[in-house]
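Q: Have a look at the structure that comes next, please.
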Amino acid sequence: SHNASTARFFALRLYPGQEVLSSLQQFITQNQLQAAFIAGCVGSLTDVALRFAGQPGTTLLNGKFEVVSLIGTLEQQGEHLHLSVSDETGKMTGGHLMPGCTVRTTLELVLGELSDLSFNRQQCSLSGYDELVISQRQ
């Protein structure tokens, strides 16, 4: 069917102090991944940088946070990632992952790549934003 693909998977651990977005971007570039996604993630953060829905700016949080969910798509030219975290009281917050998230103890990730597809981002007249475009790999 259209946009069907086989996949391969990568396991990755980020260490205390590592910045999440740049570490993921480096991994995607080093492995030349063209259509990657977060298959699973667990860990903790000290610094959290989120853009909340419909807000132009970044909200910065500092403390002890459990990563409840990290999900999204990535390629060498871009990504779209959403993060949910819980604080010491279990209070959840989430939004669009921004630069400035720092690993506290560990971040264990399983990344997948769709072997037959390629992702890129192009301006969408319907949303007004750069959005995912999926194509068959050449």
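Q: Please verify whether the range 110-132 includes one or more residues that are under 16 Å from residue 42 (Cα atoms) and outside any strand (DSSP E or B).
A: no
Q: Follow-up question, since we're still on this one. Determine if the range 2-19 includes at least one residue that is of a type outside the set (Val, Ile, Thr) and without any contact (Cβ under 8 Å) to a residue 24 or more places away in the chain.
A: Yes.
Q: Here's something else I'd like to know. What are the residues in the range 60-93 that are in contact with an Asp or Glu (Cβ under 8 Å, 6 or more places away or on another chain) and under 19 Å from residue 129 (Cβ atoms), if any?
A: Result: 72, 73, 78.
Q: If you take the residues in the range 1-12 that are open to solvent by less than 60 Å² (accessible area, probe 1.4 Å) and within 16 Å of the chain's Cα centre (by Cα), which one is nearest to residue 115 (Cα to Cα)?
A: Selected residue: 10.
Q: Does any residue in the range 106-132 that is over 21 Å from residue 10 (Cα atoms) and modelled with pLDDT under 95 come within less than 8 Å, Cβ to Cβ, of a residue that is open to solvent by less than 60 Å² (accessible area, probe 1.4 Å) and assigned to a strand (DSSP E or B) six or more places away or on a different chain, and which pairs are these?
A: 130/78; 130/121
Q: Pick from the range 43-91 the residues that are among the β-branched types (Val, Ile, Thr) and in a loop (DSSP other than H, G, I, E, B): which of them is surrounded by the fewest Cβ atoms within 10 Å (Cβ to Cβ)?
A: Result: 89.
Q: Further question on the same structure: What number of residues within the range 13-42 satisfy the criterion of being under 10 Å from the mean Cα position of the chain (by Cα) and open to solvent by less than 10 Å² (accessible area, probe 1.4 Å)?
A: So the answer is 3.
The values are calculated or read from the model by the stated rules, or taken from the named source; none is laboratory data. Nothing here was measured: the structure is a model prediction, and the numbers come from that model. Virtual Cβ from ideal backbone geometry, glycine too; neighbours counted across all protein chains shown. Just the protein is used for accessible areas: all its heavy atoms, side chains included, with ligands, DNA and RNA removed. Shrake-Rupley method; radii C 1.70, N 1.55, O 1.52, S 1.80 Å.
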